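Trainee: The structure follows.
The values are calculated or read from the model by the stated rules, or taken from the named source; none is laboratory data. Just so it is clear, the model here is predicted, and its values are computed rather than measured. Quick reminder, even Gly has a Cβ in these numbers, built from the backbone with ideal geometry, and neighbours come from all protein chains shown.
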Amino acid sequence: MPRVVDVRARASRRERFLEAAARLIVTKGYEHMTVQDVLDDVQQSKGAFYHYFDSKQALFEGLIDDEIGRIFDAWQRLVEIPDQSALEKLRQLFQEGNRLKLERKGLGLALLPMWLSDENAVIRQRMLFRARERLAPLLSQVIAAGIEEGVFVTRYPGDVGRIVFAVVQDFEEVLIRLIVAARSGGADRVRIEQVVAACHEVLERILGTRSGALQLFGVAQVMDWFDRSGEHVEVEQISALA
């Protein structure tokens with residue numbers, strides 16, 4: 001008889017490895033965490049680990065993939081809400097994405113050295129591509145609805161969705177650099193406000209909508225990334241998942 005695979009059990013074991021890695025990255029840092037640390041945390045063998053991940057780097061990619069999946073699920077629910085304007089949906093998509101990332105802010109900040117490392121440029125580009133391929137089509141759906149409503153002007157909603165997502169990814173990369181710089185010198189609020197305003201201006205021109213119509217990223221929400229208070233709480237929250 002063919003072997004029956006318990007999909008739920010397999011997914012659960014994979015999640016345990018990822019949750020352990022998340023805790024350890026927040027407390028020790030990615031560079032100082034070892035595969036053995038993860039094995040000790042979940043009390044599993046190397047064989048069990050390598051059944052799901054072929055390296056420590058694969059754990060990193062797994063954590064990013066899970067984050068993309070969380071955002072995709074939330075965005076899909078929002079896109080399907082009836083009787084809501086395209087402008088409102090677009091605003092909610094990005095605000096919900098930011099909220100979900102802030103839920104694991106400590107982990108996100110702890111992963112920054114790995115993310116920004118020149119040695120990991122190929123991984124970074126691969127993960128950005130995965131996010132764009134999965135999430136941009138949802139943006140395109142909202143843009144297509146906005147065209148029908150007369151608030152967006154473009155003949156190519158599919159392509160424009162990808163371009164909008166790429167612009168937002170670049171916006172986030174700029175913010176990441178500012179977050180790193182703020183660790184040693186404090187947050188430059190004026191510069192942050194300029195970056196937010198520039199992103200909105202570019203997106204409004206791409207979508208052909210009126211100036212000031214898009215308020216996707218509030219400065220106050222962006223500033224939450226520069227506030228270090230409460231980061232330690234996340235370790236307890238991640239631990240509660242185990």
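Trainee: So which pairs qualify, if the first residue must be in the stretch 156-179 and of a type in the set (F, W, Y), the second must be part of a helix (DSSP H, G or I), the Cβ gap must be under 7 Å, and the two must be at least 6 apart or on different chains?
Mentor: Listed pairs, sorted by first residue: F165/R132; F165/L135; F165/A136; F165/L139; F171/V195; F171/C199.
Trainee: Looking at Q44 and the list (1) part of a helix (DSSP H, G or I); (2) over 29 Å from A145 (Cβ atoms), which single condition is not satisfied?
Mentor: Unmet condition: (1).
Trainee: How many residues does the stretch 89-135 contain that are in contact with a Gly (Cβ under 7 Å, 6 or more places away or on another chain) and either over 25 Å from D224 (Cβ atoms) or of a type outside the set (A, V, I, L, M) (or both)?
Mentor: Of the residues in the stretch 89-135, 1 are in contact with a Gly (Cβ under 7 Å, 6 or more places away or on another chain) and either over 25 Å from D224 (Cβ atoms) or of a type outside the set (A, V, I, L, M) (or both).
Trainee: Continuing with this model, one more query. What are the pairs, 6+ residues apart or on separate chains, where a residue within the stretch 75-100 that is among the β-branched types (V, I, T) has its Cβ under 6 Å from a residue that is surrounded by 14 or more Cβ atoms within 10 Å (Cβ to Cβ) and at pLDDT 95 or above?
Mentor: Pairs that qualify, where the first residue is among the β-branched types (V, I, T) and the partner is surrounded by 14 or more Cβ atoms within 10 Å (Cβ to Cβ) and at pLDDT 95 or above, are V79/L138; V79/Q141.
Trainee: Take the residues in the stretch 101-111 that are part of a helix (DSSP H, G or I) and of a type in the set (A, V, I, L, M, F, W, C); name whichever of them is farthest from A58 (Cα to Cα).
Mentor: Keep residues of the stretch 101-111 that are part of a helix (DSSP H, G or I), which gives 101-103, 105-110.
Add one more test, that the residue is of a type in the set (A, V, I, L, M, F, W, C), and what stays is 102, 107, 109-110.
Numbers: L102: 23, L107: 16, L109: 18, A110: 16 Å.
Checked the stretch 101-111; the qualifying residue farthest from A58 (Cα to Cα) is L102.
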